[in-house]
Amino acid sequence: MTAGTATRRTILLAGAGGAASLVGLTPAQAETATVSAAIIGVSVSIWPAIVADQKGFFAAEGLKVDFISSGASARSLQQVAAGSTNIGSSSMVDTIRAIAAGADVKIFLNSLAVGTHSLIAGKAIKTVADLRGKRVMTGGPGDITNLWWAAVAKHFGLDPVKDVDLMFSGASTARLAALMAGAIDASVLSTPQSFQAIEAGLTDLGPVAPYLGDFPMMIWHVNSAWARTNAKDLTAFVRAHNAAVRYMSQPAHKAEVAEMLARASHSSVADALKTWDVCMRINAFVPTGTITDGAIERVRDTLIQSGDLKGQVRPASAYYDGRYVQEVAK
């Protein structure tokens, strides 16, 4: 699907408090600039942006952010590359692939540095080694969940393809249904599906993201042409986003930000509270928003090894523009 035919749906993240966020601003701050942002949907991957919106951090920086649902990471990239939206939220792997394929976008901010997914197995499975000869389901051959599974399997001495019956299904909800029905023996599940599986008595084999090392999951990218004339707005977005990360990382604000996520994503507060616990345990968010060259290169090299990227090896600067986080850090 092209950017021109992709479904666009504007999402209002702020509740009743959103209109009040302009109270107390100076006249200069009240002169807001509008930034359009393509997002996959409302989930933990954009939690800092939800907080920045609802707590007025964007407004305090003179920004009004219009969130537009693309429904998929690749479609966010298509819309931003086409110039129909200014910035977008996407997975790191999809973004590296898109830029390598010619998309005129750049990564400018870390969003979800570590994925919250876990490897969940049937009740009879107690260790990763027990999965030898069993049915394991991931999101697809090129999906981040498949890369995570491969890293976990190799760590525990399994060949991720030859030692299991590897199956694919793109949605975490579909993978949970297959696991609950006994059609598969294990899968990589995101929150809150992983919570639902554990509550049903299935085996939690632990978070999967740490096995790939420094490997950011979700990032913010920008249309390169738009960035050249809107550096001030990009820097303001980064500053507000980073302020939100610092705010939501404080235990005193746990209940408040969990309610924001639950309200925006139409999920339960209980699941949002559990998600906060997971995020803090694995350091899912980076207060400075930075991405190291090493992390970019690690993702690039992983995609080369998996056969997703071919041709000349490009430097980290071909994918990431760190000027905006550096400006905020001054």
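The values are calculated or read from the model by the stated rules, or taken from the named source; none is laboratory data. For clarity, every value in this text was computed on a predicted model and none was experimentally measured. With ideal geometry, Cβ positions are generated from the backbone for all residues, glycine too; neighbour counts draw on all protein chains shown. Accessible surface areas use protein heavy atoms only, side chains included; no ligands, DNA or RNA. Shrake-Rupley method; radii C 1.70, N 1.55, O 1.52, S 1.80 Å.
In what sequence, largest accessible area first, do LEU119, LEU205 appear using a 1.4 Å probe?
Descending order: LEU205, LEU119.
Could you size up the charge dipole of region 274-330 around its Cα centre, putting +1 on the beta carbon of Lys and Arg and -1 on that of Asp and Glu, and report it in debye to the nearest 20?
So the dipole magnitude of region 274-330 works out to roughly 60 debye.
Of LEU158, ASN146, GLY122, which is farthest along the charge dipole of region 118-168 in the positive direction, counting Lys and Arg as +1 and Asp and Glu as -1 at C-beta?
The residue sitting farthest along the positive end of the dipole is GLY122.
Counting other Cβ atoms within 10 Å, keep those with at most 12, restrict to DSSP loop, and tell me which trypsin sites (Lys or Arg not before Pro) in region 248-303 are left.
none
I'd like the accessible area for GLU31: 1.4 Å probe, protein heavy atoms, all chains in place, Å² to the nearest 10.
140
Which whole number of Å³ per residue matches the convex hull of the alpha-carbon atoms in the chain?
133
If you place +1 on the Cβ of every Lys and Arg and -1 on the Cβ of every Asp and Glu, how big does the dipole about the Cα centre of region 31-165 come out, in debye to the nearest 20?
Dipole about the Cα centre, nearest 20: 540 debye.
Per the Kirkwood definition applied to all pairs of different Cα atoms, how many angstroms is the hydrodynamic radius of region 242-330? Walk me through the numbers before you get to the answer.
Details: mean 1/r = 0.0639 Å⁻¹.
About 15.7 Å, per the Kirkwood formula over Cα pairs.
Can you tell me the length gained on complete extension of the stretch LYS126 to GLN312, counting 0.36 nm per residue apart and subtracting the Cα distance?
In short, 62.6 nm is gained.
In deg cm²/dmol and to the nearest 500, what is the mean residue ellipticity at 222 nm of the chain if only DSSP H runs of at least 4 residues count, each as -39500 (n - 2.57), divided by the residue total?
-11500 deg cm²/dmol
Express in Å², to the nearest 10, the accessible area of THR229 obtained by rolling a 1.4 Å probe over the protein heavy atoms while all chains stay in place.
Counting only protein heavy atoms, the figure is 110 Å².
Under a Cβ-only charge scheme (Lys and Arg +1, Asp and Glu -1), can you give me the dipole magnitude of region 116-207 about the Cα centre, in debye to the nearest 20?
Roughly 120 debye, rounded to the nearest 20.
By its C-alpha gyration tensor, with a ≥ b ≥ c as the square roots of the eigenvalues, how is region 193-308 shaped: rounded for a/c under 1.5, else prolate for a/b larger than b/c, else oblate?
oblate
Which FRET efficiency value, to the nearest 0.05, is calculated for ILE304 and ASP165 with the Förster distance at 25 angstrom and r the Cβ-Cβ distance?
Efficiency, from the Cβ-Cβ distance: 0.40.
Which pairs, out of LYS134/LYS310; LYS106/LYS232; LYS126/LYS154; LYS154/LYS310; LYS154/LYS274, put more than 26 Å between their alpha-carbon atoms?
Too far apart for the 26 Å limit: LYS134/LYS310; LYS154/LYS274.
Hey, what's the chain come to in accessible area per residue, 1.4 Å probe, Å²?
42
Whose amide H sits under 5 Å from the amide H of THR85, counting only residues 5 or more places off or on another chain, with H placed in the peptide plane?
So THR85 has HN proximity to VAL80.
What is the percent carbon and sulfur in the accessible area of the chain, measuring with a 1.4 Å probe over the protein chains and ignoring ligands?
Summing carbon and sulfur atoms, their accessible area is 54 percent of the total for the chain.
How large is the accessible surface of PHE57 in square angstrom, using a 1.4 angstrom probe and rounding to the nearest 10?
Approximately 50 Å² for this residue.
Please list HIS241, HIS266, HIS253 from largest to smallest accessible area, probe radius 1.4 Å, with all protein chains kept in place.
Putting HIS241, HIS266, HIS253 in descending order of accessible area: HIS266, HIS253, HIS241.
How much length, in nm to one decimal, is gained on full extension between GLN250 and HIS266, taken as 0.36 nm per residue of separation minus their Cα-Cα distance?
3.4 nm
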